[in-house]
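The values are calculated or read from the model by the stated rules, or taken from the named source; none is laboratory data. Please read all numbers here as calculations on a predicted model, not as lab measurements. Backbone-built Cβ (ideal geometry, glycine too); neighbour counts: all protein chains shown. Note: areas computed on protein heavy atoms with side chains; ligands, DNA, RNA excluded. Shrake-Rupley method; radii C 1.70, N 1.55, O 1.52, S 1.80 Å.
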Amino acid sequence: NAGVTQTPKFQVLKTGQSMTLQCAQDMNHNSMYWYRQDPGMGLRLIYYSASEGTTDKGEVPNGYNVSRLNKREFSLRLESAAPSQTSVYFCASRGPVDIQYFGAGTRLSVL
Amino acid sequence: SQQGEEDPQALSIQEGENATMNCSYKTSINNLQWYRQNSGRGLVHLILIRSNEREKHSGRLRVTLDTSKKSSSLLITASRAADTASYFCATDRGTSYGKLTFGQGTILTVHP
């Protein structure tokens, strides 16, 4: 049982570079989410997807794009990374009783 | 903006003692959830309490919810060193697609 799998686990980028964070879940969940976690800030929602083919902005969407490729996969793209995007990124999916299941996170540093 | 405010920000206790963490929120909710995060790891769900419930238990965990005061508390009884982690409350307002709004968390340290 893999649950929610995120890749990569660590990444260092230079300002202006682009990258895609990958997320996949094997629990057949409809809803998926991307959060960022900064020290002392808890988790903030970047984007979410209620189902395959739909995406919506969360609390802090600026500088990010997402793709819900199929029911399993939900990717987060940084087109032009900025130092303010240095953070830990978590993907989650929601089960049938409103509980969210989280991946292990991607630690991103933008220099 | 953060829906939940947690108190205290940090808590340090000895093994065997009880740990109580509090969460306050601002708007009406459908349910409130507590999650745990070990250092460097993802969040793990602990317990969910719905707006029409006042108290729930799960093992050594006890959660209360007071919707009139818009507050919740998480009690961990007989703490163990392995309970050392950050604990987050998260509110579900029952709107689109189960979005959760997290508090900033309480860092719990349990000394052996």
Condition test on A:N70, is it more than 11 Å from the chain's Cα centre (by Cα) and closer than 14 Å to A:W34 by Cα? no
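Every residue, every condition in (1) of a type outside the set (V, I, T); (2) under 24 Å from A:G40 (Cα atoms); (3) in contact (Cβ under 8 Å) with a residue 12 or more places away in the chain; (4) in contact with a Lys or Arg (Cβ under 6 Å, 6 or more places away or on another chain), yes or no:
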position: B:N38; (1), (2), (3), (4): yes, yes, yes, no
position: B:E53; (1), (2), (3), (4): yes, no, yes, no
position: B:D83; (1), (2), (3), (4): yes, yes, yes, no
position: B:S86; (1), (2), (3), (4): yes, yes, yes, no
position: B:T106; (1), (2), (3), (4): no, yes, yes, no
position: B:P112; (1), (2), (3), (4): yes, no, yes, no
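When residues of the stretch B:66-82 are filtered for being within 26 Å of B:S39 (Cβ to Cβ) and over 13 Å from the mean Cα position of the chain (by Cα), how many remain? Reasoning before the result, please.
As a first pass, look at the stretch B:66-82 and keep what is within 26 Å of B:S39 (Cβ to Cβ): B:72-82.
Next cut, over 13 Å from the mean Cα position of the chain (by Cα) only: B:77-82.
Number satisfying all stated conditions: 6.
When the residues of the stretch B:15-26 are narrowed to those that are part of a strand (DSSP E or B) and either away from chain A (no Cβ under 14 Å) or not hydrophobic (A, V, I, L, M, F, W, C) (or both), which ends up least open to solvent (accessible area, probe 1.4 Å)? Outline the logic, then answer.
Taking the stretch B:15-26 and keeping what is part of a strand (DSSP E or B), we get B:19-24.
Checking the rest, the ones that are also either away from chain A (no Cβ under 14 Å) or not hydrophobic (A, V, I, L, M, F, W, C) (or both) come to B:19-20, B:22, B:24.
Details: B:A19: 0, B:T20: 65, B:N22: 59, B:S24: 50 Å².
So, considering only residues that are part of a strand (DSSP E or B) and either away from chain A (no Cβ under 14 Å) or not hydrophobic (A, V, I, L, M, F, W, C) (or both), the one least open to solvent (accessible area, probe 1.4 Å) is B:A19.
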Neighbours by Cβ (under 8 Å, 6+ apart or cross-chain): first from the stretch A:19-36, modelled with pLDDT under 95; second among the acidic types (D, E): A:N30/A:E52
Looking only at the stretch B:88-112, how many residues end up being assigned to a strand (DSSP E or B) and within 11 Å of another protein chain (Cβ to nearest Cβ)? 9
The listed residue being in contact with a Cys (Cβ under 6 Å, 6 or more places away or on another chain) and either within 22 Å of A:W34 (Cα to Cα) or assigned to a strand (DSSP E or B) (or both), out of B:S72, B:S12, B:S39: B:S72
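Does the stretch A:40-51 contain any residue that is within 22 Å of B:R41 (Cα to Cα), open to solvent by 40 Å² or more (accessible area, probe 1.4 Å), more than 9 Å from chain B (Cβ to nearest Cβ) and in a strand (DSSP E or B)?
No, that holds for no residue.
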Kindly indicate the residue of the stretch B:83-107 that is over 19 Å from B:Q9 (Cα atoms) and open to solvent by 40 Å² or more (accessible area, probe 1.4 Å) and also modelled with the lowest pLDDT among those meeting that condition. B:S96
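Each row is one residue, and each column tells you yes or no for (1) at positive phi; (2) under 12 Å from the mean Cα position of the chain (by Cα).
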residue: B:E53; (1), (2): no, no
residue: B:V63; (1), (2): no, yes
residue: B:G98; (1), (2): yes, no
residue: B:G103; (1), (2): no, yes
residue: B:T106; (1), (2): no, yes
residue: B:V110; (1), (2): no, no
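Filter the stretch B:27-40 down to the residues that are loosely packed, with under 14 Cβ neighbours inside 10 Å and over 15 Å from the mean Cα position of the chain (by Cα), then identify the one that is nearest to the other protein chains (Cβ to nearest Cβ). It would help to see each step written out before you state the result.
From the stretch B:27-40, those loosely packed, with under 14 Cβ neighbours inside 10 Å are B:27-28, B:38-40; that's our starting set.
Next, from what is left, pick out any that are over 15 Å from the mean Cα position of the chain (by Cα): B:27-28, B:39-40.
Numbers: B:T27: 14, B:S28: 16, B:S39: 11, B:G40: 8 Å.
The qualifying residue nearest to the other protein chains (Cβ to nearest Cβ) is B:G40.
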If B:V44 satisfies every condition in (1) within 11 Å of chain A (Cβ to nearest Cβ); (2) hydrophobic (A, V, I, L, M, F, W, C); (3) crowded, with 17+ Cβ neighbours inside 10 Å but one, which is the exception? (3)
